[in-house]
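Working notes, structure below.
The values are calculated or read from the model by the stated rules, or taken from the named source; none is laboratory data. Keep in mind that what you see is a predicted model, and the values were worked out from it rather than measured. We place every Cβ from the backbone using ideal geometry, glycine too, and count neighbours over all the protein chains shown. Ligands, DNA and RNA are stripped out before the accessible areas are found, and what is left, the full protein with its side chains, is counted by its heavy atoms. Shrake-Rupley method; radii C 1.70, N 1.55, O 1.52, S 1.80 Å.
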Amino acid sequence: MKKQTIFIYPSIALLSFSLLMTGCSDDEVAEGNSTKTVESMEKKSSEEKPNSSEHDVDSTKSEQTGTSSENRENSKEKTDLLSAYSSKEIEYARVWLQLGPNQQIDHLYIQHIKAGTKLNPDDETSESYPEDVIQLAGSRLADGSVTYSGNGNGTINVYNVPLRWDGQYPAGKDFYQDMINHTKLISVDVGNDEQIIQLIKKIEEN
């Protein structure tokens, strides 16, 4: 009986060891498969997730394009505001808006003066305008005036002559020649479209 017992124990121990190794092997295979499954899911999730930086760039480009289009539309609208008026009307209004002594006028009178016309028609010693000029004036003497010639390039020559001549006459040719020699070259501002339109509506041309 003792010999039988001795041979049975090793057999049981060997069987138990075999089963244990088999179990470990199965666990390792299962663990390996589980790891591969997780990695596969993570890779798939990464491929499906949109690139946030590319999305942000596209959004920024879209916003910039929208802003640029809006600026173009605003510029076009401003240009369209003056499209109903002539270039001369716009010029008169811009000149008065920039140089007119009184902006609160009821009417803006336009007088065209030909070259060769005396600066002061009431003085026989007066020199004459060497070029065609335009005189802008309000309906009242207190509104003042602007007398100028246009250069066709956004600048004008301004003559410092009054709307009404007061003083001792004859003044002499030198007095008038000095006015002609000291005309001012001025760049005309673009001005505000709405204000320009309001002035154009007050124009009365002789």
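Filtering region 156-197 to residues that are assigned to a strand (DSSP E or B) and surrounded by 14 or more Cβ atoms within 10 Å (Cβ to Cβ) leaves ILE156, ASN157, VAL158, TYR159, ILE186. Yes or no: SER139 modelled with pLDDT under 95, closer than 30 Å to PRO162 by Cα and among the small types (Gly, Ala, Ser)? Yes.
Filtering region 134-144 to residues that are open to solvent by 30 Å² or more (accessible area, probe 1.4 Å) and in contact with a strand residue (DSSP E or B) (Cβ under 8 Å, 6 or more places away or on another chain) leaves only SER139.
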